[in-house]
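Worksheet: one structure, shown below.
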Amino acid sequence: MYNDICEKLNKYGQQQLLSFYNILDDKEKKQLIDDINSIDFDLVTRVYREISSEKAAPQGVTPMKAGDSTAFSQEEYNRYTEIGQKEIVNGRVAALTMCGGQGTRLGHTGPKGTYDIGLRSHKSLFEIQCDGLKAAGEGNIPWYIMTSNINHDDTVRFFEEHNFFEYPKDNIFFFKQEMMAVLNKDGKVLLEDKGKILKSPNGNGGLFLSLKKAGGLEDMRRRGVQHIFICGIDNCLVKMADPLFVGYYMEAKAPVAAKSFMKRSAEEKAAIFCYADGRPYVIEYTEIPAELANMKYSDGSFVYGDTNVLNYIFNIDIIDELCMYPMPYHGAVKKVTYMDTNSGEYVTITDGLKFELFLFDYFVRLEDLSLLRIDREKEFAPVKNLTGVDSSETAREMYIKVHEEER
Ligand code: UTP
């Protein structure tokens, strides 16, 4: 067994992972071997090589039109909302919150969903979402919560300690996303400890495969769910399973719908919905040519302005289909702390390499996508940083503007 592992690590130039093997006890040895066996070294080698290669610029970029919910007539608003409510009442809608991330920028100890943004009620982000779901479906909407190894137990414990916020326990399903090895700039896999590999969650694009593997899709089918409302944990103004959004998506008859808001300036660091070679695409601010970023319609609105809110509805069958496609990993240079194999000390570096899959990379596989533009002031208040822009302070202020009772 040990010899097989040595051979494998030699092949990939990752022998450093066994530096402390001889001083580990039997249990630790087994854990390290299991950890090494869980790593797909072919994949690690490939994504490390790819990180340094330049990403091809999107071709054939054209604008994507959005339905502007802020300009809906009362009749339109009522019609979409009624259609959405009917789907919800008939049990065809589930909600899914992606909470597997590390929340590094916020620096809160514990899962981000447990964070209290300082409201009078001291509601956590989890409780805020739970209240939203109760309002949309009176506790009948099944709620799927994606965690990861770094926060799963703490998340489940938090729900237990708060009696699942009085939400029916049988309608809450926790599942873990996959993890990916963390590397140094030379492509060496790092250790978290003498007998453990350093890993980080594999990005929000890991969602579909992890949901499927965990039996989540099967559970949804058993319940008669057909559409999944998907969001992150950090937008405290998210409208959970928004009936208007569900109704709009139903009428559009597209397999996927997304919410957007209009960017405020050409310079905003926004990820914009568009088409690339006729397929839905999200173009990053780093990719978009200045000419397109500045382009406006005659009414003064941006042609490329609909910003990704990380708020989607996916048809359950399309998820099954998307699971078949291989997805590209994106590398990010991050601060990481690891166990140095020479000194046996913990070392912090700022050029660690983490790899993530992005959910929006699936969009190029879709025939089309239906876009609903929302009012940013009413529906988008992300908690990303401890202070400053997109912090608990800005989120709290925006939340209070919408929810007077928290004033
Ligand atoms: P972000 O990309 O903002 O990451 O996630 P984050 O982990 O919250 O924060 P930083 O970047 O480390 O500071 C947006 C949403 O996607 C989820 C997050 O939990 C959040 O709800 N996410 C992100 C996952 O579920 N898994 C991941 O691997 C990454």
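Legend: translational diffusion of the range 245-320 by Stokes-Einstein, Rh = Kirkwood radius over C-alpha pairs, 10 °C, 1.306 mPa s; D = 117 µm²/s. Loop-located chymotrypsin sites (Phe, Trp or Tyr not before Pro) in the range 281-358 (DSSP state other than H, G, I, E, B) with a sparse environment of at most 13 neighbouring Cβ atoms within 10 Å: 297.
Name the lysines eligible as straight-distance cross-link partners of residue 378: C-alpha to C-alpha under 29 Å, and not fewer than 8 places from it in the same chain. Qualifying lysines at Cα under 29 Å: 65, 86, 112, 123, 134, 239, 253, 259, 263, 269, 296, 401. Charged neighbours of residue 225, selected by a Cβ distance under 9 Å, balance to +3 (K, R count +1; D, E count -1). Dividing the mean sequence gap of close Cα pairs (under 8 Å, 6+ apart) by how many residues the range 109-218 holds gives a relative contact order of 22 percent.
Taking 0.36 nm per residue of separation and subtracting the current Cα-Cα distance, fully stretching the chain between residue 389 and residue 37 would add 122.6 nm. Here the range 1-91 was treated as a single set of alpha-carbon atoms; its pair distances binned every 10 Å from 0 give 12, 23, 13, 10, 17, 18, 8, 0 percent. What residues from the range 328-371 fall in the zone where the backbone N is under 20 Å from a label point 7 Å along the Cα-to-C-beta line of residue 301? So the set is 369-371. Remark: the chain is approximated by an ellipsoid whose semi-axes, taken from the C-alpha gyration tensor as √(5λ), come to 37, 25, 21 Å, largest first. Assuming a viscosity of 0.692 mPa s and a temperature of 37 °C, what translational diffusion coefficient in µm² per second does Stokes-Einstein assign to the range 165-251, Rh being the Kirkwood radius over Cα pairs? In µm²/s, the coefficient is 201.
Simple spin-label estimate for residue 320 and residue 59 gives 3.3 nm between the two label positions (7 Å along the Cα-to-Cβ direction from each Cα). Using the Karplus relation 6.51 cos²θ - 1.76 cosθ + 1.60 with θ = phi - 60°, the per-residue 3J(HN,Hα) values for the range 196-207 come to 8, 7, 7, 9, 9, x, 8, x, 5, x, x, 3 Hz, with x marking Gly and Pro. Taking every DSSP helix (H) stretch of at least 4 residues in the chain, weighting each as -39,500 (n - 2.57) and dividing the sum by the residue count yields a mean residue ellipticity at 222 nm of -9000 deg cm²/dmol.
Given contacts defined as C-alpha pairs under 8 Å and at least six residues apart, what's the relative contact order of the range 177-325, whole-number percent? Worked out over the range 177-325, it gives 25 percent. Here is the list for the range 1-82: GluC sites (Glu not before Pro) lying in DSSP coil, each with at most 13 other C-beta atoms within 10 angstrom of its C-beta, are 54.
The string of couplings for the range 294-311 from the Karplus curve (6.51, -1.76, 1.60, θ = phi - 60°) is 8, 4, 10, 6, 5, 7, x, 7, 5, 6, 10, x, 6, 8, 5, 9, 6, 8 Hz, one whole number per residue in order, with x for Gly and Pro. Contact order, relative form, for the chain: 23 percent (alpha carbon pairs under 8 Å, 6 or more residues apart, mean separation divided by residue count). By the scheme Lys and Arg +1, Asp and Glu -1, what is the net charge of all other residues having a beta-carbon under 9 Å from that of residue 371? Result for the local shell: +2. Annotation: for a label point projected 7 angstrom from Cα along Cα→Cβ of residue 105, residues of the range 238-272 with backbone N closer than 13 Å are 269-271. Expressed as a whole percent, the proportion of Cα-Cα pairs in the range 276-407 lying more than 27 Å apart is 46%. Taking the Cβ of residue 130 as the centre, find all other residues whose Cβ is under 10 Å away and add up their charges (Lys, Arg: +1; Asp, Glu: -1). Its environment carries a net charge of -1.
Bear in mind these aren't lab numbers, they're just calculated from the coordinates by the rules spelled out. Because the structure is a prediction, the values reported are computed rather than measured. As a convention, Cβ positions derive from the backbone with ideal geometry for all residues, glycine included, and neighbour counts pool all protein chains shown.
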